[in-house]
Amino acid sequence: AHAFDLDAVLAQFPLLVAGRRGEKPLVYLDNAATTHKPECVLSALEYYYRCANANAGRGVYPLATASTKLYEEARRTAALFVGAADDEIVFTSGATAALNLVAYSWGMEHLQPGDEVVLTMAEHHSNLLPWQQVARLKGAKLVYLLPDAQGRIPDEEIDAKIGPRTKIAAVAHVSNVLGSVFPVRRVADAVHAYGGVLVADCAQSVAHLPVDVRALDADFLAFSGHKMYGPMGVGVLYGRRELLAGMEPLLRGGGMIESVFEQHAAFADAPARFEAGTPNVAGAVGLAEAMRFLLEVGYDAVRARERRLVERLLAGLAALPDVRVHGAPHGEVGVADGGAPEPSRCGAVSFNVRGVDANDVAAALARDNVAVRAGAHCAEPLVRYLGERATCRASLALYNTEEDVDRFLSSVENAKRNVSRMIMASMH
Ligand code: PMP
């Protein structure tokens, strides 16, 4: 295990270093939206454009082969990172593009009238809207696993909702609103028992928990680079080799063909088959660097640190009257047989202050330079299910500090007090 050297980690994030200098230092708790980037990622991007820029996979001159080599090395890094083979890794522009690719390609081809696609009520719209459209076009139906009051998906929900009609289960590994860690492996086992496939949306887990395609037994798995310290505009779709082999490409264009004739064409094998057009080579190179960064810090160290912060944040919010926290009251749950506790919450904490609009809370925090997000977080069905129109969300990353959490908490307390004062004043 690695020791976590907070100062050394912080020093690698230039935006945070600068943000801490001001009169109102930046408290960045919007990491579920995007994380900041360490020096190694920034220099990988710059290095690529300064020293290795050429279109990958096409030219034979040295610069082009160097670019191709960097791109394929990045793919190798991503494959090792999730425990897959190189040809099972498709680079996309992000989790959204990856999930759309699975829905519009595998889903379009395999869904039939009467089939069911099982989602959780907590899916991000990017793992909901593509399935909604494909299900509509194919006469299939969406079925939702409902989280309980602690933000967990109970086993009984899985047993009750997954059955012979289930062709696909597409679930988040970690909810971007509740921070809940969902039982992806349990869902995978259930859907596999009926011959269906499991799609894991790991956009919110990959910065906090190791993501391994075999451990989750995922058939498809998607995540973005920018929420795990990598660049925007790049992400990964993992697909099991047998599934990718039979899949129609979604985008057609350069770099993905075997041969093209006037009336028909034959496509290259995966992964090139699914990467039409000039890829984001710099992005892939930067993402590979972010993966190395995370592995170097070590998931055990990340988890230990974030767990302490999330407990502090939850305890602080629980101590404030009129604050409702959604989902798990703790970052971990005990295991019945005395084994290691399992993470129940990662990264995100959503809450509401009674009587105060979530957007007003976020605006009050913004005046203290505390960055959180308010709204439905691209998960409207969930927020409605929680009985809210919007929630306020604080989300952690490995570089957050105890001081960040404390400044956030006092900002929430002030916001609450100021709003009550305004309400009192308006009544006189
Ligand atoms: N799934 C989840 C759970 C997310 O939180 C997000 C981003 N908020 C996405 C998918 C989509 O990621 P991107 O916007 O990077 O494509």
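The values are calculated or read from the model by the stated rules, or taken from the named source; none is laboratory data. On a predicted model such as this, the values are computed, not experimentally measured, just so you know. All Cβ positions, glycine included, derive from the backbone under ideal geometry; neighbour counts span all protein chains shown. Side chains are part of the model used for accessible areas, which takes the heavy atoms of the whole protein and leaves out ligands, DNA and RNA. Shrake-Rupley method; radii C 1.70, N 1.55, O 1.52, S 1.80 Å.
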Task: Length gained when the stretch residue 359-residue 129 is fully extended (0.36 nm per residue, less Cα-Cα span) - done: 80.3 nm
TODO: Along Cα→Cβ, 7 Å out, is where each label goes; now give me the distance between the ones at residue 50 and residue 333 in nm to one decimal.
DONE: 4.9 nm
- [ ] Could you pull out every residue, at least 5 positions away or on a different chain, whose amide H is within less than 5 Å of the one on residue 373? Hs are placed 1.01 Å off N in the peptide plane, and Pro or chain starts have none.
- [x] 393
- [ ] For residue 234, enumerate residues with amide H under 5 Å from its amide H, sequence gap 5+ or separate chain, H modeled in the peptide plane.
- [x] 225, 226
Task: Built amide H within the under 5 Å cut-off of residue 257, gap 5+ - done: 268
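On full extension of the chain, what length is gained from residue 424 through residue 39, given 0.36 nm per residue of separation minus the C-alpha to C-alpha distance?
On the way: separation 385, 0.36 × 385 = 138.60 nm, distance 4.87 nm.
Full-extension gain reported as 133.7 nm.
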Task: Computed over the chain, Cα set: Rg, Dmax in Å - done: 22.4, 79
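Go ahead and estimate [θ] at 222 nm for the chain from helices alone: -39,500 (n - 2.57) per DSSP H run with n ≥ 4, summed, over the residue count, rounded to 500.
Values: 15 runs with 163 residues, N = 428.
The helix-only estimate for the chain comes to -11500 deg cm²/dmol at 222 nm.
Assuming a strict under-15 Å limit between Cα atoms, what lysine pair count do you get for the chain once near-sequence pairs (fewer than 8 apart, same chain) are dropped? The partial results should precede the final answer.
Values: 37/227; 138/167; 141/161; 141/167.
Lysine pair count for the chain: 4.
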Open item on the list: Could you compute how much accessible surface residue 232 exposes when probed at 1.4 Å, giving the result in Å² to the nearest 10?
Closed with: 130 Å²
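Multiply the residue separation of residue 369 and residue 315 by 0.36 nm, subtract the distance between their alpha-carbon atoms, and state the gained length in nm to one decimal.
Values: separation 54, 0.36 × 54 = 19.44 nm, distance 2.20 nm.
Stretched fully, the residue 369-residue 315 segment lengthens by 17.2 nm.
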TODO: Quickly work out the residue 155-to-residue 189 label distance, labels modelled 7 Å from Cα along the C-beta direction, and quote it in nm with one decimal.
DONE: 0.8 nm
TODO: Just report the Cα centroid separation between the stretch 16-57 and the stretch 206-274, whole Å.
DONE: 25 Å
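Could you state the accessible area per residue of the chain in Å², with a 1.4 Å probe and every protein chain left in place? Working shown, then result.
Numbers: 18410 Å² over 428 residues.
Here the per-residue accessible area is 43 Å².
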Task: Heavy-atom accessible area ranking, 1.4 Å probe, most first, across 238, 144 - done: 144, 238
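So for each of 360-373, 162-175 I average, over its residues, the number of other beta carbons within 10 Å; can you give me the resulting order with the highest mean first?
On the way: 360-373: 19.2, 162-175: 23.6.
Final packing ranking: 162-175, 360-373.
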Task: Cβ crowding within 10 Å averaged over residues, with 123-129, 380-386 ranked highest first - done: 123-129, 380-386
Task: Surface share of carbon and sulfur [accessible, 1.4 angstrom probe, percent] for the chain - done: 54 percent
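Just to confirm a number: summing +1 for Lys and Arg and -1 for Asp and Glu over residues other than residue 139 whose beta-carbon lies under 14 angstrom from that of residue 139, what do you get? Let's see the in-between values first.
Numbers: positive: 136, 138, 141, 165, 167; negative: 115, 116.
After counting each charged neighbour, the total is +3.
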Task: Neighbourhood charge, 14 Å Cβ-Cβ cut-off, centred on residue 172 and excluding it, Lys, Arg +1 and Asp, Glu -1 - done: +3
Open item on the list: Charges on Cβ only, +1 for Lys and Arg, -1 for Asp and Glu, centred on the Cα centroid of the stretch 153-220; of 209, 173, 220, which one is farthest towards the dipole's positive end?
Closed with: 220
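Got a sec? What order do 49, 229, 194 fall in by accessible area at 1.4 Å, biggest, i.e. largest, first? Don't jump to the answer; show the numbers that get you there.
Details: 49 140, 229 0, 194 115 Å².
These residues rank, largest area first, as 49, 194, 229.
Which order do 202, 51 take by accessible area at a 1.4 Å probe, largest first?
Working: 202 0, 51 75 Å².
Order by accessible area, largest first: 51, 202.
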- [ ] Starting at the first residue of the stretch 242-251, write each ³J(HN,Hα) from the Karplus equation 6.51 cos²θ - 1.76 cosθ + 1.60 with θ = phi - 60°, in whole Hz, x for Gly and Pro.
- [x] 4, 6, 5, 4, x, 8, 6, x, 8, 9
Task: Kyte-Doolittle at least 0.0, axis length at least 20 Å by Cα - qualifying DSSP helices, the chain - done: 62-82, 281-297
